[in-house]
1. Here's a check for you: in segment 1-25, which residue that is polar (S, T, N, Q) and farther than 19 Å from Leu49 by Cα is surrounded by the fewest Cβ atoms within 10 Å (Cβ to Cβ)?
2. Of the numbered conditions (1) assigned to a strand (DSSP E or B); (2) under 20 Å from Asp181 (Cα atoms); (3) of a type outside the set (Lys, Arg), Leu96 satisfies every one except a single condition; which is it?
3. Buried (at least 18 other Cβ atoms within 10 Å of the Cβ) and within 20 Å of Ala90 (Cα to Cα): which single residue out of Gly191, Gly180 fits that description?
4. For segment 83-94, name all the residues that are surrounded by fewer than 19 Cβ atoms within 10 Å (Cβ to Cβ) and out of contact with any strand residue (DSSP E or B) (no Cβ under 7 Å at 6 or more places or on another chain).
5. Tell me, please, whether a residue that is surrounded by 12 or more Cβ atoms within 10 Å (Cβ to Cβ), in contact with a Leu (Cβ under 8 Å, 6 or more places away or on another chain) and of a type in the set (Asp, Glu) can be found in segment 58-66.
Amino acid sequence: MSQIFTEALQNLIDALGKMPGVGPKSAQRIAFWVLQTEEENIKALAQALQTAKETVHFCEICGNITENPVCAICSDPRRDQSLICVVEEAKDIPALERTRSYRGLYHVLGGAIDPINGIGPDQLRIKGLMERLQNSEIKEVIIATDPNIEGEATAAYLSRLLATLEIPASRLASGLPVGGDLEYADEITLGRALEGRRFLD
């Protein structure tokens with residue numbers, strides 16, 4: 001059977017297909033866009049990718065994305081220093097910020113506990129969270145992990161750790177669909193979930 005695409009085009013499609021959320025058909029559409037668009041657009045895209053990779057990194061305090069050692073949220077004195085909202089990924093923070101219902105700090109775990117894929121507590125930024133809690137006057141930790149099996153397991157693990165420090169822990173309230181991701185939730189649903197959060201036993 002003859003090859004449908006040239007080797008270079010197939011390599012491009014394969015590379016694009018490795019991106020999250022990009023399936024085979026989407027990879028083909030993007031690849032053909034690359035072939036058809038102006039060369040200036042490709043150069044701009046390549047430069048943007050290179051610049052982002054070189055300049056964007058994770059906040060040394062919370063793990064949010066930033067171009068500075070400390071992100072804008074951690075360095076903002078107007079934020080409520082007594083609240084920390086724990087999320088799985090940095091991409092979850094913009095979703096919560098859009099609700100305008102939360103003005104505290106964040107802590108990014110870098111994922112969720114997932115034994116099947118070899119991700120345990122030691123692979124997450126849980127140690128950093130515990131260090132932050134021991135060196136500050138935190139009055140509440142809001143656990144905003146995704147409402148799926150991995151997220152619930154992570155929330156249960158964190159609640160046990162927080163109980164040893166006698167720090168109140170709450171979980172986002174109902175309204176978020178089970179099995180969903182925070183980044184895809186709308187502002188109203190997230191806002192209600194924040195306002196109706198419940199404390200964990």
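1. By that ranking, first place goes to Ser2.
2. The failed condition is (1).
3. Exactly one of Gly191, Gly180 is buried (at least 18 other Cβ atoms within 10 Å of the Cβ) and within 20 Å of Ala90 (Cα to Cα), namely Gly191.
4. Matches in segment 83-94: Lys91, Pro94.
5. Taking every residue of segment 58-66 in turn, none turns out to be surrounded by 12 or more Cβ atoms within 10 Å (Cβ to Cβ), in contact with a Leu (Cβ under 8 Å, 6 or more places away or on another chain) and of a type in the set (Asp, Glu).
Laboratory data are not the source of any read-out in this text; all were calculated from the coordinates shown. Everything numeric here is computed off the predicted structure, so don't read it as measured data. A quick note on method: Cβ atoms are made from the backbone with ideal geometry, for glycine too, and the neighbour counts reach across all protein chains shown.
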